[in-house]
Amino acid sequence: MTENRSTAISGTHDLTDNVARSGHGESAGLVRTARALVRLARARRRLEHLPTLGQVRAMAYFDGRDPCSYLLDRAVNFVPEPMEFGYESELGEHALCFICRDPNGRAMELVMMRDGGGFDLLGGF
């Protein structure tokens, strides 16, 4: 669309390159999100924190199983050194840990921070 057909404002603008994509390929979908919520509800005794929306989305996207809380404390658990992307502020907090498989079938144990970013315990970062 290169033309503004509104009667209030006349002029031209180009929306073809600035249109936000729906991202259907990047989202987990309703079924996987519901499955992740059910798995979190069943594992509530293993959770010491309330998972954030970013953690739930990551678990749904990776089709995670066996969720549990993971304390981000170097004295207790493995935490990569250095923490990248500004995650230093999350030290001492709980992250969401779950098991999943990559498209090649390799097992991964992911630790997800509040915003859905994280690291793989079995394979490094």
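Observations, loosely collected:
- Hits in the range 102-116 (condition: surrounded by fewer than 19 Cβ atoms within 10 Å (Cβ to Cβ) and either touching a residue at least 40 places away in the same chain (Cβ under 8 Å) or part of a strand (DSSP E or B) (or both)): 107, 108, 109, 115, 116
- Total residues in the range 37-66, condition β-branched (Val, Ile, Thr) and crowded, with 18+ Cβ neighbours inside 10 Å: 1
- Of the criteria (1) over 15 Å from residue 56 (Cβ atoms); (2) out of contact with any His (no Cβ under 8 Å at 6 or more places or on another chain); (3) open to solvent by 20 Å² or more (accessible area, probe 1.4 Å), which one residue 119 fails: (3)
- Some residue of the range 88-101 being of a type in the set (Asp, Glu), surrounded by fewer than 17 Cβ atoms within 10 Å (Cβ to Cβ) and assigned to a strand (DSSP E or B): no
- Selection from the range 92-125 of residues that are of a type in the set (A, V, I, L, M) and modelled with pLDDT under 90: 122
The values are calculated or read from the model by the stated rules, or taken from the named source; none is laboratory data. Since the model is a prediction, treat every value here as computed from it, not as a measurement. In this analysis, Cβ positions are derived from the backbone assuming ideal geometry, glycine residues included, and neighbour counts consider all displayed protein chains. The protein model used for the area step is the full one, side chains on, heavy atoms only, and it has no ligands, DNA or RNA in it. Shrake-Rupley method; radii C 1.70, N 1.55, O 1.52, S 1.80 Å.
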